[in-house]
Amino acid sequence: MSLAYIILGLLQQQEMTGYDLKTSCFDQCIAHLWPADQAQIYRTLDKLVEQGWITCKIEIQHDRPNRKVYSVTEPGKAEFARWLGTDQPLPTIREPLLVQLHFADQLSNETIIHLLEQQVADRSKKLAECETIDLPSLGDESADREQVMQRLVLELVLRREQTYIDWLKIAISVISYQKPYASHYQIL
């Protein structure tokens, strides 16, 4: 998946500037799914304009710099609809902490536990942020279709973070009972 399809989806909801996409959408609505920085967003907007999937109109402002407002074209809507119906491959996941842990037998238990506790704190913070997202519960019959889809996604994110936190706590417990690291090399 690419950032382009997320931007197409967001622009189908309403016309926006690159700044609006960053602050109103990526920072507030979907940061838990797909973070993006300002430079990535603007590069992708330029590519989407080149492909003819979005247009850009300049709004003249007298007291501020001019604004570029982006909207989706008919070919962009068709491409987004095509992508929505496409089966997605499993993502390549890179977990730096798990790679560290894979090789961590040479670290002290205290050092490993410190790394894991930091991850518990970071993931707990992310979980708390996700829990503040205001969407109706899955059983709420007043929820519209868009809210139901967004809630389904949020439920998976919440469960994933909670599962990761639970696993980190188990790992901390297991490591705290491990014998200390014994160097394979003698220090002279």
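The values are calculated or read from the model by the stated rules, or taken from the named source; none is laboratory data. Nothing here was measured: the structure is a model prediction, and the numbers come from that model. Glycine gets a Cβ as well: all are built from the backbone with ideal geometry, and neighbour counts include every protein chain shown. Protein only, heavy atoms only, side chains kept; ligands, DNA and RNA dropped before computing areas. Shrake-Rupley method; radii C 1.70, N 1.55, O 1.52, S 1.80 Å.
For the chain, the mean residue ellipticity at 222 nm estimated from helices alone is -17500 deg cm²/dmol, where every DSSP H run of n ≥ 4 contributes -39500 (n - 2.57) and the total is divided by all residues, rounded to the nearest 500.
In this structure, the amide hydrogen of Ile54, modeled 1.01 Å from its nitrogen in the peptide plane, lies closer than 5 angstrom to those of Val49, Thr73, counting only residues at least 5 positions away or on a different chain. Helix 38-51 and the longest principal axis of the C-alpha atoms of the chain enclose an angle of approximately 40°. In the chain, Cα pairs under 8 Å separated by at least six residues give a relative contact order of 20 percent.
Net charge dipole, segment 29-139: roughly 500 debye, given to the nearest 20, about the Cα centre with Cβ charges of +1 for Lys and Arg and -1 for Asp and Glu. Expressed as an acute angle from 0 to 90° and rounded to the nearest 10, what is the orientation of the C-alpha long axis of helix 3-13 relative to the principal long axis of the chain? The answer is roughly 50 degrees. Ordered by 1.4 Å accessible area with all protein chains kept, Trp34, Trp83 run largest first as Trp34, Trp83. Taken per residue, the accessible surface of the chain reaches 71 Å², heavy atoms only and a 1.4 Å probe.
Amide hydrogen proximity for Met16: with H placed 1.01 Å from N in the peptide plane, the residues at 5 or more positions away or on another chain lying under 5 Å are Tyr70. Across segment 132-145, coupling constants 3J(HN,Hα) worked out from phi with the 6.51/-1.76/1.60 Karplus curve, θ = phi - 60°, read 7, 5, 8, 9, x, 5, 5, x, 6, 6, 7, 5, 7, 4 Hz, and Gly and Pro carry x.
Taking trypsin sites (Lys or Arg not before Pro) across segment 82-146, the ones in a DSSP loop with at most 15 further Cβ atoms lying within 10 angstrom of their Cβ are Arg94. Rounded to the nearest Hz, the phi-derived 3J(HN,Hα) couplings of segment 62-71 under the Karplus curve 6.51 cos²θ - 1.76 cosθ + 1.60 (θ = phi - 60°) are 7, 9, 9, x, 4, 10, 9, 10, 9, 9, where x marks glycine and proline. Spatially close Lys pairs in the chain, defined by Cα atoms under 24 Å apart and a spacing of eight or more places or different chains, total 15.
Along the axis of the charge dipole computed for segment 105-188 (Cβ charges of +1 for Lys and Arg, -1 for Asp and Glu, origin at the Cα centre), the listed residues Ile165, Thr132, Met149 are led at the positive end by Ile165. Tell me the carbon and sulfur percent of the accessible area for segment 1-160, rounded to whole percent, probe radius 1.4 Å. So the carbon and sulfur contribution to the accessible surface is 53 percent. Centre-to-centre separation between the Cα atoms of segment 109-141 and those of segment 55-106: 23 Å.
Restricting segment 90-181 to chymotrypsin sites (Phe, Trp or Tyr not before Pro) that sit in a DSSP loop and have at most 12 other Cβ atoms within 10 Å of their own Cβ leaves Phe103, Tyr177.
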